[in-house]
Amino acid sequence: MIRLIASDIDGTLVPDSSDHIDPAYYDLIRELKKKGIWFCVCSGRQYHSMMKLFSPVADDIFCITENGTLIRSKEKIIHRWELRTCDYGPLLEDIRRIDGASAVVSYPDVSYVESGEDSVVYRFLKESYRYRIENVPDLMNLPHEGVLKMTIHCENCEERCRSLLESHWASDLSMASSGVQWIDICSRESGKGEALARLQNYLGVTREETMYFGDNMNDLPAFEKAGISATVSNARAEVQERADIIGGSYDELGVLVEIKRVLGMK
């Protein structure tokens, strides 16, 4: 019996950076709630961005935000993981050494960049993702405590960041691709898998009672915490190989179709 369904957003429910989701998902979430099934959106996105996308059902969902560093409902924060303050400066300096890279620093309610308000990353996060974001002259001058995540944005991100991904940071922190242009860097103890497990414990739900949908590498830890792991046809090959179910793409409302199929809903 499924009691909790969690899903990634970008590349799974919607195209990357979309600020619109098919309203059929709102109806689905309401139907699931009536059946006693919780729905959780699990994303690298900021909570503010997620609430913009799911505003009609904001009271009916849980959110795992910032790539698994913050778990919350509309009413309260359930748990959060933060970067160590001692890592902030050295990590930011190493990101700055990557050619063409921009850093994004995320706190629970706001994110910051230093690229300028005309920069690609600032406009992309503000206009496409609808982030609550501010531009500052120097990220190093921000508080080093309370940081959920640092994100690297650049073209061919995995390739350009390879030296960083293979450095000592790989054992000190969690670093995962969340899209072609993004690398998320978080506390080693955090991630979508750990966050999903925390939410399961909070709700009294078992692994076998959980279904999870995702499309990218940062979703794989959550697959391990779900009785049913599912993906979409447009997902990375590595993810499709690990999934129990491969549904249609986001254009085909693959997640909605598979949920209804598995649960026997019309």
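The values are calculated or read from the model by the stated rules, or taken from the named source; none is laboratory data. Predicted model only: the values in this text are computed from it and were never measured. When we count neighbours, we look across all protein chains shown, and the Cβ atoms used for this are built from the backbone with ideal geometry, even at glycine. To get the accessible areas, we keep the full protein, side chains included, count just its heavy atoms, and leave off ligands, DNA and RNA. Shrake-Rupley method; radii C 1.70, N 1.55, O 1.52, S 1.80 Å.
State, as an integer percentage, the relative contact order of the chain based on alpha-carbon contacts under 8 Å between residues 6 or more apart. Intermediate results must be reported in sequence, preceding the final value.
Values: 551 pairs, mean separation 52.2, N = 266.
Averaging sequence separation for qualifying contacts and normalising by length gives 20 percent for the chain.
Per the Kirkwood definition applied to all pairs of different Cα atoms, how many angstroms is the hydrodynamic radius of region 52-128?
Across region 52-128, the inverse of the average 1/r is 14.7 Å.
For T69, enumerate residues with amide H under 5 Å from its amide H, sequence gap 5+ or separate chain, H modeled in the peptide plane.
G191
Can you pull the percent of the chain's accessible area that's carbon plus sulfur, 1.4 Å probe, other chains left in place? Mind showing how you got there, number by number?
Values: 5140 of 11420 Å².
The nonpolar share, carbon plus sulfur, comes to 45 percent.
Using θ = phi - 60° and the Karplus form 6.51 cos²θ - 1.76 cosθ + 1.60, what ³J(HN,Hα) does each residue of region 195-206 get, whole Hz, x for Gly and Pro?
Along region 195-206, the couplings run 5, 5, 5, 5, 5, 4, 5, 4, 8, x, 10, 8 Hz.
Report the antiparallel proportion of the DSSP beta bridges in the chain as a percent, rounded to a multiple of 5.
Bridges in the chain are about 50 percent antiparallel.
Using just the helices of the chain, give the 222 nm mean residue ellipticity in deg cm²/dmol: DSSP H runs with n ≥ 4 each add -39,500 (n - 2.57), and the total is spread over all residues, rounded to 500.
Taking each H run of at least 4 residues, the total per residue is -7500 deg cm²/dmol.
Quick check: Cα centre of region 26-75 to Cα centre of region 204-228, how many Å?
After rounding, the separation between the Cα centres reads 16 Å.
5 Å is the cut-off here: which amide hydrogens, built 1.01 Å from N in the peptide plane, fall below it relative to V14, excluding neighbours closer than 5 in sequence?
none
Count neighbours as other Cβ atoms within 10 Å of each site's Cβ, and list the GluC sites (Glu not before Pro) in region 219-266 that are DSSP loop with at most 14 such neighbours.
Filter output for region 219-266: E224.
Counting heavy atoms of the protein chains only and a 1.4 Å probe, report the per residue accessible area for the chain as a whole number of Å².
43 Å²
Nearest 5 percent is fine: what portion of the DSSP beta bridges confined to region 1-141 is antiparallel?
Values: 8 of 20 bridges.
Antiparallel: roughly 40 percent of the beta bridges in region 1-141.
In whole Hz, with x marking every Gly and Pro, tabulate ³J(HN,Hα) for region 181-193 from phi via Karplus 6.51 cos²θ - 1.76 cosθ + 1.60, θ = phi - 60°.
Listing the rounded values in order: 10, 9, 10, 9, 10, 9, 4, 4, 7, 9, x, 5, x Hz.
Please give me, ordered by residue number, the GluC sites (Glu not before Pro) of region 96-137 that lie in loop per DSSP and have at most 12 other Cβ atoms within 10 Å.
Counting only loop positions with at most 12 other Cβ atoms within 10 Å, the GluC sites (Glu not before Pro) in region 96-137 are E117.
Residues with amide H under 5 Å of E114's amide H, sequence separation 5 or more or different chain, H placed in the peptide plane at 1.01 Å from N; which?
A103, V136
Please work out the ratio of the alpha-carbon Rg of region 168-266 to 2.2 N^0.38 Å and round it to two decimals.
Working: Rg = 14.4 Å, N = 99, 2.2 N^0.38 = 12.6 Å.
Ratio of Cα Rg to 2.2 N^0.38 Å: 1.14.
What list of ³J(HN,Hα) values in whole Hz, one per residue of region 21-32 in order, does the Karplus curve 6.51 cos²θ - 1.76 cosθ + 1.60 (θ = phi - 60°) give from phi, with Gly and Pro shown as x?
10, 4, x, 4, 5, 5, 5, 4, 4, 5, 5, 4
Given Cα pairs under 8 Å that are at least 6 residues apart, what percent is the relative contact order of region 139-231?
24 percent
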